[in-house]
Amino acid sequence: MRPTDTVSQTQPPILVTGAGRRVGLHLANRLLDDGQPVIAHYHRESGGIEALAARGALTLQADLAHAEGALALVDAVRAQATALRGIVHNASAFTTTPTEPVAAAAMFEAFFSIHMLAPYLIDTGLAGLLEAGGTETPADIVHITDIFAENPRPEFDIYCATKAGLENLTRSLAKRYAPKIKVNSLQPGPILFKDSHTPEMRQRVLAETPLGREGGAEAVYRGLRALLDNDYMTGTAIQVDGGRHLAG
Ligand SMILES: NC(=O)C1=CN([C@@H]2O[C@H](COP(=O)(O)OP(=O)(O)OC[C@H]3O[C@@H](n4cnc5c(N)ncnc54)[C@H](OP(=O)(O)O)[C@@H]3O)[C@@H](O)[C@H]2O)C=CC1
Ligand SMILES: Nc1nc2c(c(=O)[nH]1)N=C([C@H](O)[C@@H](O)CO)CN2
(Lines give C-alpha, C1' and ligand atoms only; values in the text may rest on other atoms or scores of the structure.)
(Ligands and ions follow the chains in the order given, each with its own letter.)
Protein backbone atom coordinates (compact mmCIF):
# COMPACT_ATOMS: atom_id res chain seq x y z
CA MET A 1 0.00 0.00 0.00
CA ARG A 2 1.54 3.32 -1.02
CA PRO A 3 -0.62 6.40 -0.32
CA THR A 4 0.78 9.22 -2.44
CA ASP A 5 -1.25 12.16 -1.24
CA THR A 6 -3.77 13.31 1.34
CA VAL A 7 -7.44 13.39 0.41
CA SER A 8 -9.04 16.80 -0.22
CA GLN A 9 -11.33 17.87 2.63
CA THR A 10 -13.71 19.87 0.35
CA GLN A 11 -16.12 16.92 0.07
CA PRO A 12 -15.82 13.21 0.76
CA PRO A 13 -13.95 11.31 -1.98
CA ILE A 14 -15.19 8.57 -4.27
CA LEU A 15 -13.11 5.37 -4.32
CA VAL A 16 -12.66 3.97 -7.85
CA THR A 17 -11.11 0.50 -8.17
CA GLY A 18 -9.04 -0.47 -11.20
CA ALA A 19 -8.34 3.21 -11.93
CA GLY A 20 -4.93 2.65 -13.52
CA ARG A 21 -6.07 2.33 -17.11
CA ARG A 22 -8.94 2.33 -19.64
CA VAL A 23 -12.45 2.79 -18.21
CA GLY A 24 -11.44 3.13 -14.56
CA LEU A 25 -8.83 5.75 -15.40
CA HIS A 26 -11.40 7.68 -17.44
CA LEU A 27 -13.96 7.55 -14.61
CA ALA A 28 -11.41 8.85 -12.10
CA ASN A 29 -10.31 11.70 -14.37
CA ARG A 30 -13.88 12.73 -15.18
CA LEU A 31 -14.83 12.77 -11.49
CA LEU A 32 -11.81 15.02 -10.84
CA ASP A 33 -12.91 17.21 -13.79
CA ASP A 34 -16.25 17.61 -11.96
CA GLY A 35 -14.47 18.70 -8.76
CA GLN A 36 -15.07 15.37 -7.03
CA PRO A 37 -12.10 14.16 -4.90
CA VAL A 38 -10.99 10.65 -5.83
CA ILE A 39 -9.24 7.74 -4.15
CA ALA A 40 -7.80 5.75 -7.07
CA HIS A 41 -7.09 2.08 -6.47
CA TYR A 42 -4.74 0.37 -8.91
CA HIS A 43 -3.18 -3.06 -9.49
CA ARG A 44 -0.10 -2.40 -11.62
CA GLU A 45 1.75 0.91 -11.85
CA SER A 46 0.80 3.01 -14.86
CA GLY A 47 1.34 6.47 -16.30
CA GLY A 48 -2.35 7.06 -15.77
CA ILE A 49 -2.13 6.45 -12.04
CA GLU A 50 0.85 8.79 -11.78
CA ALA A 51 -1.16 11.45 -13.60
CA LEU A 52 -4.10 10.96 -11.22
CA ALA A 53 -1.75 11.45 -8.26
CA ALA A 54 -0.46 14.65 -9.87
CA ARG A 55 -4.11 15.83 -10.06
CA GLY A 56 -4.47 15.29 -6.30
CA ALA A 57 -6.01 11.82 -6.18
CA LEU A 58 -4.92 9.54 -3.37
CA THR A 59 -3.59 6.40 -5.07
CA LEU A 60 -3.59 3.01 -3.34
CA GLN A 61 -2.24 -0.28 -4.70
CA ALA A 62 -3.83 -3.67 -3.99
CA ASP A 63 -4.16 -7.07 -5.66
CA LEU A 64 -7.87 -7.90 -5.38
CA ALA A 65 -7.37 -11.53 -6.50
CA HIS A 66 -6.80 -12.31 -2.82
CA ALA A 67 -8.94 -11.39 0.20
CA GLU A 68 -5.87 -9.98 1.95
CA GLY A 69 -5.53 -7.37 -0.79
CA ALA A 70 -9.12 -6.18 -0.38
CA LEU A 71 -8.82 -6.10 3.42
CA ALA A 72 -5.57 -4.13 3.19
CA LEU A 73 -7.25 -1.65 0.82
CA VAL A 74 -10.09 -1.17 3.33
CA ASP A 75 -7.56 -0.46 6.09
CA ALA A 76 -5.65 1.98 3.88
CA VAL A 77 -8.81 3.92 2.95
CA ARG A 78 -9.93 4.07 6.58
CA ALA A 79 -6.50 5.41 7.55
CA GLN A 80 -6.78 8.24 5.00
CA ALA A 81 -10.47 9.23 4.92
CA THR A 82 -13.16 9.95 7.54
CA ALA A 83 -16.05 9.76 5.05
CA LEU A 84 -16.77 8.61 1.49
CA ARG A 85 -19.24 9.96 -1.11
CA GLY A 86 -19.15 6.65 -3.00
CA ILE A 87 -17.40 3.51 -4.19
CA VAL A 88 -17.18 2.45 -7.85
CA HIS A 89 -16.17 -1.19 -8.36
CA ASN A 90 -14.56 -1.20 -11.80
CA ALA A 91 -11.67 -3.64 -11.22
CA SER A 92 -12.09 -6.78 -13.28
CA ALA A 93 -10.32 -9.56 -15.16
CA PHE A 94 -11.61 -10.81 -18.51
CA THR A 95 -10.60 -13.95 -20.38
CA THR A 96 -12.10 -17.16 -21.73
CA THR A 97 -12.22 -20.16 -19.39
CA PRO A 98 -9.24 -22.55 -19.75
CA THR A 99 -10.06 -26.14 -20.70
CA GLU A 100 -7.48 -27.56 -18.28
CA PRO A 101 -9.28 -28.13 -14.93
CA VAL A 102 -6.51 -26.94 -12.60
CA ALA A 103 -6.09 -23.71 -14.56
CA ALA A 104 -9.87 -23.24 -14.64
CA ALA A 105 -10.04 -23.72 -10.87
CA ALA A 106 -7.29 -21.15 -10.27
CA MET A 107 -9.07 -18.69 -12.55
CA PHE A 108 -12.40 -19.28 -10.80
CA GLU A 109 -10.80 -18.45 -7.44
CA ALA A 110 -9.19 -15.29 -8.80
CA PHE A 111 -12.32 -14.07 -10.64
CA PHE A 112 -14.53 -14.85 -7.63
CA SER A 113 -12.21 -12.72 -5.52
CA ILE A 114 -11.91 -9.79 -7.94
CA HIS A 115 -15.59 -9.69 -8.99
CA MET A 116 -17.39 -10.75 -5.80
CA LEU A 117 -15.32 -11.14 -2.64
CA ALA A 118 -13.34 -7.91 -2.95
CA PRO A 119 -16.45 -5.77 -3.68
CA TYR A 120 -18.21 -7.44 -0.74
CA LEU A 121 -15.30 -6.90 1.69
CA ILE A 122 -14.79 -3.31 0.50
CA ASP A 123 -18.50 -2.41 0.60
CA THR A 124 -19.06 -3.89 4.07
CA GLY A 125 -15.72 -2.65 5.39
CA LEU A 126 -16.30 0.94 4.23
CA ALA A 127 -20.09 1.22 4.77
CA GLY A 128 -19.45 3.23 7.93
CA LEU A 129 -17.48 5.85 5.95
CA LEU A 130 -20.25 6.01 3.33
CA GLU A 131 -22.84 6.59 6.07
CA ALA A 132 -20.64 9.30 7.63
CA GLY A 133 -21.04 11.58 4.59
CA GLY A 134 -23.20 13.87 6.67
CA THR A 135 -25.72 14.90 3.99
CA GLU A 136 -29.38 14.04 3.30
CA THR A 137 -28.34 12.61 -0.08
CA PRO A 138 -27.61 8.88 0.14
CA ALA A 139 -24.05 7.80 -0.63
CA ASP A 140 -23.45 5.52 -3.64
CA ILE A 141 -22.06 2.07 -4.28
CA VAL A 142 -21.81 1.26 -7.99
CA HIS A 143 -20.90 -2.24 -9.18
CA ILE A 144 -19.75 -2.39 -12.81
CA THR A 145 -20.87 -5.77 -14.10
CA ASP A 146 -21.71 -6.76 -17.71
CA ILE A 147 -24.79 -7.29 -19.88
CA PHE A 148 -23.65 -10.92 -20.09
CA ALA A 149 -24.18 -11.35 -16.36
CA GLU A 150 -27.85 -11.85 -17.27
CA ASN A 151 -27.39 -13.90 -20.45
CA PRO A 152 -23.93 -15.54 -20.31
CA ARG A 153 -21.59 -16.58 -23.10
CA PRO A 154 -20.32 -20.13 -22.41
CA GLU A 155 -16.73 -19.44 -23.48
CA PHE A 156 -16.64 -16.79 -20.74
CA ASP A 157 -18.64 -18.82 -18.21
CA ILE A 158 -16.46 -18.08 -15.15
CA TYR A 159 -16.25 -14.37 -15.98
CA CYS A 160 -20.02 -14.17 -16.52
CA ALA A 161 -20.90 -16.23 -13.42
CA THR A 162 -18.81 -14.05 -11.13
CA LYS A 163 -20.24 -10.89 -12.67
CA ALA A 164 -23.72 -12.36 -12.12
CA GLY A 165 -22.78 -12.87 -8.48
CA LEU A 166 -21.87 -9.20 -8.25
CA GLU A 167 -25.24 -8.33 -9.77
CA ASN A 168 -26.94 -10.33 -7.02
CA LEU A 169 -24.82 -8.68 -4.33
CA THR A 170 -26.01 -5.32 -5.69
CA ARG A 171 -29.58 -6.21 -4.71
CA SER A 172 -28.69 -7.67 -1.30
CA LEU A 173 -26.62 -4.65 -0.32
CA ALA A 174 -29.26 -2.26 -1.65
CA LYS A 175 -31.72 -3.79 0.83
CA ARG A 176 -29.12 -3.91 3.61
CA TYR A 177 -27.86 -0.31 3.39
CA ALA A 178 -30.98 1.69 2.52
CA PRO A 179 -31.72 4.54 3.12
CA LYS A 180 -28.25 5.96 3.77
CA ILE A 181 -26.54 4.21 0.86
CA LYS A 182 -27.84 3.50 -2.70
CA VAL A 183 -26.41 0.38 -4.37
CA ASN A 184 -26.75 -0.01 -8.16
CA SER A 185 -24.94 -1.56 -11.10
CA LEU A 186 -23.83 -0.49 -14.54
CA GLN A 187 -23.92 -3.20 -17.21
CA PRO A 188 -21.59 -2.24 -20.05
CA GLY A 189 -21.66 -3.80 -23.50
CA PRO A 190 -19.07 -3.19 -26.25
CA ILE A 191 -17.40 -0.22 -24.63
CA LEU A 192 -13.69 -0.58 -25.40
CA PHE A 193 -12.26 -3.49 -27.39
CA LYS A 194 -8.91 -4.92 -26.33
CA ASP A 195 -5.95 -4.96 -28.74
CA SER A 196 -6.48 -8.73 -28.88
CA HIS A 197 -9.84 -8.24 -30.61
CA THR A 198 -9.35 -8.91 -34.36
CA PRO A 199 -11.24 -6.83 -36.95
CA GLU A 200 -13.48 -9.87 -37.57
CA MET A 201 -14.28 -10.19 -33.86
CA ARG A 202 -15.07 -6.48 -33.63
CA GLN A 203 -17.28 -6.61 -36.69
CA ARG A 204 -19.19 -9.61 -35.31
CA VAL A 205 -19.84 -7.80 -32.01
CA LEU A 206 -20.91 -4.56 -33.69
CA ALA A 207 -23.21 -6.48 -36.06
CA GLU A 208 -25.09 -7.58 -32.91
CA THR A 209 -25.17 -4.00 -31.57
CA PRO A 210 -28.15 -1.91 -32.77
CA LEU A 211 -26.28 1.38 -32.38
CA GLY A 212 -23.44 -0.20 -34.37
CA ARG A 213 -20.35 1.23 -32.64
CA GLU A 214 -18.10 0.97 -29.58
CA GLY A 215 -19.54 3.01 -26.73
CA GLY A 216 -16.30 4.42 -25.34
CA ALA A 217 -15.44 5.07 -21.69
CA GLU A 218 -17.41 8.34 -21.62
CA ALA A 219 -20.64 6.35 -22.09
CA VAL A 220 -19.87 4.53 -18.84
CA TYR A 221 -19.14 7.83 -17.09
CA ARG A 222 -22.52 9.20 -18.20
CA GLY A 223 -24.15 6.08 -16.75
CA LEU A 224 -22.25 6.63 -13.50
CA ARG A 225 -23.37 10.26 -13.39
CA ALA A 226 -26.98 9.16 -13.89
CA LEU A 227 -26.72 7.02 -10.75
CA LEU A 228 -24.77 9.54 -8.66
CA ASP A 229 -27.17 12.37 -9.56
CA ASN A 230 -30.40 10.47 -8.83
CA ASP A 231 -31.23 10.05 -5.14
CA TYR A 232 -34.21 7.81 -5.87
CA MET A 233 -32.53 4.78 -7.49
CA THR A 234 -31.31 1.69 -5.64
CA GLY A 235 -31.12 -2.03 -6.36
CA THR A 236 -31.26 -1.45 -10.10
CA ALA A 237 -29.05 -1.71 -13.20
CA ILE A 238 -28.36 0.59 -16.14
CA GLN A 239 -27.32 -1.12 -19.40
CA VAL A 240 -24.71 0.91 -21.32
CA ASP A 241 -24.38 -1.33 -24.37
CA GLY A 242 -25.65 0.25 -27.59
CA GLY A 243 -28.58 -2.15 -27.39
CA ARG A 244 -26.49 -5.32 -27.63
CA HIS A 245 -28.58 -7.00 -24.89
CA LEU A 246 -31.32 -7.20 -27.52
CA ALA A 247 -29.19 -9.65 -29.57
CA GLY A 248 -30.42 -12.55 -27.36
N1 LIG B 1 -14.32 -2.92 -22.10
C2 LIG B 1 -15.55 -3.34 -22.38
O3 LIG B 1 -16.02 -3.33 -23.55
C4 LIG B 1 -16.42 -3.84 -21.27
C5 LIG B 1 -16.07 -3.65 -19.92
N6 LIG B 1 -16.90 -4.12 -18.94
C7 LIG B 1 -16.56 -3.87 -17.54
O8 LIG B 1 -16.22 -2.50 -17.35
C9 LIG B 1 -15.13 -2.38 -16.41
C10 LIG B 1 -13.95 -1.65 -17.06
O11 LIG B 1 -13.64 -2.30 -18.28
P12 LIG B 1 -12.14 -2.19 -18.87
O13 LIG B 1 -11.54 -0.87 -18.54
O14 LIG B 1 -12.19 -2.65 -20.28
O15 LIG B 1 -11.41 -3.28 -17.98
P16 LIG B 1 -9.87 -3.74 -18.06
O17 LIG B 1 -9.88 -5.24 -18.05
O18 LIG B 1 -9.16 -3.05 -19.17
O19 LIG B 1 -9.31 -3.16 -16.68
C20 LIG B 1 -9.86 -3.60 -15.46
C21 LIG B 1 -9.07 -3.00 -14.32
O22 LIG B 1 -9.05 -3.98 -13.28
C23 LIG B 1 -7.74 -4.11 -12.79
N24 LIG B 1 -7.43 -5.44 -12.27
C25 LIG B 1 -7.26 -6.58 -12.99
N26 LIG B 1 -6.87 -7.57 -12.18
C27 LIG B 1 -6.79 -7.05 -10.91
C28 LIG B 1 -6.41 -7.55 -9.65
N29 LIG B 1 -6.02 -8.83 -9.49
N30 LIG B 1 -6.43 -6.72 -8.58
C31 LIG B 1 -6.82 -5.43 -8.73
N32 LIG B 1 -7.19 -4.87 -9.89
C33 LIG B 1 -7.16 -5.69 -10.98
C34 LIG B 1 -6.83 -3.77 -13.96
O35 LIG B 1 -5.57 -3.36 -13.46
P36 LIG B 1 -4.21 -3.88 -14.18
O37 LIG B 1 -4.42 -3.71 -15.66
O38 LIG B 1 -3.13 -3.00 -13.60
O39 LIG B 1 -4.06 -5.33 -13.79
C40 LIG B 1 -7.62 -2.65 -14.62
O41 LIG B 1 -7.28 -1.42 -14.03
C42 LIG B 1 -14.80 -3.81 -15.98
O43 LIG B 1 -15.46 -4.12 -14.78
C44 LIG B 1 -15.34 -4.65 -17.12
O45 LIG B 1 -15.66 -5.98 -16.71
C46 LIG B 1 -18.04 -4.84 -19.21
C47 LIG B 1 -18.41 -5.06 -20.51
C48 LIG B 1 -17.64 -4.54 -21.61
N1 LIG C 1 -12.50 -6.54 -17.41
C2 LIG C 1 -12.96 -6.51 -18.69
N3 LIG C 1 -14.20 -6.97 -18.95
C4 LIG C 1 -14.63 -6.98 -20.25
C5 LIG C 1 -13.84 -6.50 -21.29
C6 LIG C 1 -12.54 -5.98 -20.96
O7 LIG C 1 -11.78 -5.53 -21.84
N8 LIG C 1 -12.15 -6.02 -19.67
N9 LIG C 1 -14.26 -6.50 -22.58
C10 LIG C 1 -15.42 -7.07 -22.90
C11 LIG C 1 -15.71 -7.25 -24.37
O12 LIG C 1 -15.07 -6.25 -25.12
C13 LIG C 1 -17.15 -7.25 -24.80
O14 LIG C 1 -17.86 -6.29 -24.21
C15 LIG C 1 -17.27 -7.06 -26.31
O16 LIG C 1 -16.98 -8.26 -26.90
C17 LIG C 1 -16.37 -7.60 -21.88
N18 LIG C 1 -15.85 -7.46 -20.54
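The values are calculated or read from the model by the stated rules, or taken from the named source; none is laboratory data. Being a predicted model, the structure only gives us computed values, none of them experimental. For neighbour counting, all protein chains shown are included, and Cβ atoms are generated from backbone atoms with ideal geometry for every residue, glycine included. Ligands, DNA and RNA are stripped out before the accessible areas are found, and what is left, the full protein with its side chains, is counted by its heavy atoms. Shrake-Rupley method; radii C 1.70, N 1.55, O 1.52, S 1.80 Å.
Listed by first and then second residue, the pairs linking a residue in the stretch 92-121 that is more than 19 Å from Gly24 (Cα to Cα) and within 14 Å of ligand 2 (Cβ to nearest atom) to a residue that is open to solvent by less than 80 Å² (accessible area, probe 1.4 Å) and assigned to a loop (DSSP other than H, G, I, E, B), with Cβ atoms under 8 Å apart and 6 or more places separating them unless they lie on different chains, are Met107/Thr95; Met107/Thr97; Met107/Pro98; Ala110/Ala65; Ala110/Ala93.
For Thr124, are the conditions met, namely being in a helix (DSSP H, G or I) and polar (S, T, N, Q)? Against the criterion (in a helix (DSSP H, G or I) and polar (S, T, N, Q)), Thr124 qualifies.
Give the residues of the stretch 34-51 that are within 17 Å of the chain's Cα centre (by Cα) and either within 16 Å of ligand 2 (Cβ to nearest atom) or assigned to a helix (DSSP H, G or I) (or both), sorted by residue number. Residues satisfying the conditions are His41, Tyr42, His43, Arg44, Gly48, Ile49. Filtered by the rule that a residue be open to solvent by 30 Å² or more (accessible area, probe 1.4 Å), aromatic (Phe, Trp, Tyr) and in contact with a Phe, Trp or Tyr (Cβ under 8 Å, 6 or more places away or on another chain), the stretch 73-128 gives a lone residue, Phe94. Going by the structure shown, is Gly18 open to solvent by less than 40 Å² (accessible area, probe 1.4 Å), assigned to a loop (DSSP other than H, G, I, E, B) and closer than 22 Å to Ile158 by Cα? Yes. Considering the stretch 155-175, the residues that are among the hydroxyl-bearing types (Ser, Thr, Tyr) and open to solvent by 10 Å² or more (accessible area, probe 1.4 Å) include one that is farthest from ligand 2 (Cβ to nearest atom), namely Ser172. Exactly one residue out of Gly242, Gly216 is touching a Lys or Arg at 6+ places or on another chain (Cβ under 8 Å) and small (Gly, Ala, Ser): that is Gly242. All told, Ala53 falls short of being open to solvent by less than 20 Å² (accessible area, probe 1.4 Å), among the hydrophobic types (A, V, I, L, M, F, W, C) and touching a residue at least 24 places away in the same chain (Cβ under 8 Å).
Scan the stretch 176-194 and give yes if some residue there is open to solvent by 70 Å² or more (accessible area, probe 1.4 Å), assigned to a loop (DSSP other than H, G, I, E, B) and either modelled with pLDDT under 95 or within 16 Å of ligand 2 (Cβ to nearest atom) (or both), otherwise no. Yes, because at least one residue in the stretch 176-194 is open to solvent by 70 Å² or more (accessible area, probe 1.4 Å), assigned to a loop (DSSP other than H, G, I, E, B) and either modelled with pLDDT under 95 or within 16 Å of ligand 2 (Cβ to nearest atom) (or both).
Pairing each residue of the stretch 185-211 that is more than 24 Å from Gly165 (Cβ to Cβ) with any residue that is more than 8 Å from ligand 1 (Cβ to nearest atom) and in a loop (DSSP other than H, G, I, E, B), provided the two are 6+ apart or on different chains, yields C-beta distances under 6 Å for Leu206/Gly212; Thr209/Gly242; Pro210/Gly243; Leu211/Gly242; Leu211/Gly243.
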